[in-house]
Structure formats: C-alpha cells, structure tokens
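Here the structure is laid out as structure tokens; the discussion comes afterwards.
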Amino acid sequence: MRIGIIGAGRIGGNAARLLANAGHQVRLSFSRDPANLQQLAREIGANATTGTAADAVAFAEVVVFSVPWGVIPDALEEAGSLQGKIVIDTTNQFSGGPVSLDGRTAAQFNTLTAAFQAEAAGRTGPQRVVQWICGDDEEAKQVVARLVDDAGFQPVDLGGTAECEVMEAPRRAGAVYGEEYRLADAVAVVEAVRAGRPIPPTPGYGN
Ligand SMILES: NC(=O)c1ccc[n+]([C@@H]2O[C@H](COP(=O)([O-])OP(=O)(O)OC[C@H]3O[C@@H](n4cnc5c(N)ncnc54)[C@H](OP(=O)(O)O)[C@@H]3O)[C@@H](O)[C@H]2O)c1
C-alpha cells in the first residue's frame, strides 16, 4: 500500500521502516528540518520518499499521524483534508498543549514504547506482541490490522473510539497502556471490555 507518514520520529520512523521492509511504499513528512526526513528515507531505501504533509496525504491510502501532542494543530494544518483516508493516529495526550480532550478518549493506536516496538517486531507464534487498535470504521480497521501484521505484530481490536479508554495513557492498574500483551491474554481483555468488566491483571512474560 501507499502510506503517508506525518511525523517520522521514533514511532512514525519505526512504522515507516517496518512497513517499507514489508514492501509498502512510504512517504515521510513533517519535520523542522527536511534533511532529517531525507536521511531517514536514505536509510530505509527505495520504498521511501519525502515531501510535505500535504504531499504525504495526497500520495497515501493510509496516513500514519505521529507527532507530539502539542503540534497536532500545526501538523493538521500542513496536512490539509484527510477526507477519505484511513488514519492511524499514534498520538498520546502527553505534554499538554493546545488540544483538549474535553472528556473524550484520545483514540490512540499504540500503547507500546518506540524502543520496545523496534525490539519486539517480528516475533512469531505465541510470543508475537499485540498492537491494540480501536476505531469506528470496520473496513478501515481491517486494513490497519493487515498493516499491523505486516509490521510484525498481532493486531487486536478493542472496539470503537468511545470505549478504548483502557488503551490510553498513563500506564496504570486496570489498563493495557504501556504493557506487553500476547494474544491469549489480549482476548480476555477484549471480552472484559465488551462485557463492561474490569480487565484481568496485567500478564507478565518473564522478560
Ligand atoms: N515514543 C514512544 O514510545 C511513544 C509510544 C506511543 C505513542 N507515542 C506518541 O506518538 C507520537 C509521536 O511520538 P514520538 O516518540 O515518535 O515523537 P518524536 O520522536 O519526537 O517524533 C516527532 C516527529 O515530529 C516531527 N516534528 C515536526 N515538527 C515538530 C515540532 N514543532 N516539534 C516536535 N516535533 C516535530 C519531528 O521531526 P524533527 O525532529 O525532524 O523536527 C519528529 O520526527 C506522540 O504523540 C507520542 O505521545 C510515542
């Protein structure tokens, strides 16, 4: 697929590398110094190009939106309309800034640190690490789930953006944010969330 990356830092850069390695085309965008994007594109190789955020959106079937919370408005302005695009939003509500949640969830895609993702991608069998997703468009989630699999993780769908609070920062008891999960334990979490029950205790895998 053609994937536009808005914010190619630790998380967006990881996604770009993993997806390009899986054969997807990535376009990197939104940096304070375009040389950073060009350097990353060179490292990734033939499947990576660079451009403005608007270029990345125009190019893409799927957009990975991965900028610090405080610069979301700037990135959205540079990106322009996202109408008709599948957007994978990795942002967390860290460090404050101009975007207020106002009682809503941040509907984030990703609950694992960039370093852990880079190390844990590509595990197989029961050791494969879960990447939680949530969203309100079933077809879009199926596409994202395939990309998560291509990137080397086990996708698990927690539901819609209104009920994904257990994915949200901060790391805390009763939430999956920041924790490694594998499929069997993740299925039990989904069942609990769907039933409106507290999730089971966080699993440990002896890492
Ligand atoms: N790191 C994690 O472990 C982790 C885990 C889960 C979710 N997240 C969330 O994912 C999002 C991205 O996190 P990240 O760790 O990948 O961030 P990051 O490494 O700081 O990357 C942010 C990217 O945005 C670009 N950018 C453009 N304008 C910027 C500006 N004015 N200020 C700062 N950066 C600017 C930066 O490019 P230049 O530096 O080239 O300008 C950089 O490539 C955040 O919302 C974060 O909360 C992070």
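Results, tabulated for the structure shown:
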read-out: Using alpha carbons only: equivalent-ellipsoid semi-axes of the chain, gyration tensor based, whole Å; value: 27, 20, 15
read-out: Order of Asp185, Asp136, Asp33 - criterion: other Cβ atoms within 10 Å of each residue's Cβ, fewest first; value: Asp33, Asp136, Asp185
read-out: Cα-based shape type of segment 1-85, given that a ≥ b ≥ c are square roots of the gyration tensor eigenvalues and the cut on a/c is 1.5; value: oblate
read-out: Among Ala121, Leu37, Ala162 - extreme Cα towards positive end, dipole of the chain, charges at beta-carbon; value: Ala121
read-out: Cα-based convex hull volume of segment 126-172 per residue, rounded to whole Å³; value: 83 Å³
read-out: Helix 138-150 vs. the chain, principal-axis angle (Cα, 0 to 90°, nearest 10); value: 80 degrees
read-out: Tensor-based shape of segment 110-207 (alpha-carbon gyration tensor, a/c under 1.5 rounded, otherwise prolate or oblate); value: oblate
read-out: Between helix 10-21 and the chain: long-axis angle, C-alpha atoms, 0 to 90°, nearest 10; value: 80 degrees
read-out: Charged-residue dipole, Cβ positions (Lys, Arg, Asp, Glu), the chain about Cα centre, Debye nearest 20; value: 480 debye
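Here, each number is a calculation from the coordinates, and none is a lab measurement. In this text, all values refer to a predicted model and were calculated from it rather than measured experimentally. Counting neighbours? That spans all protein chains shown, and the Cβs are built from the backbone with ideal geometry, glycine included.
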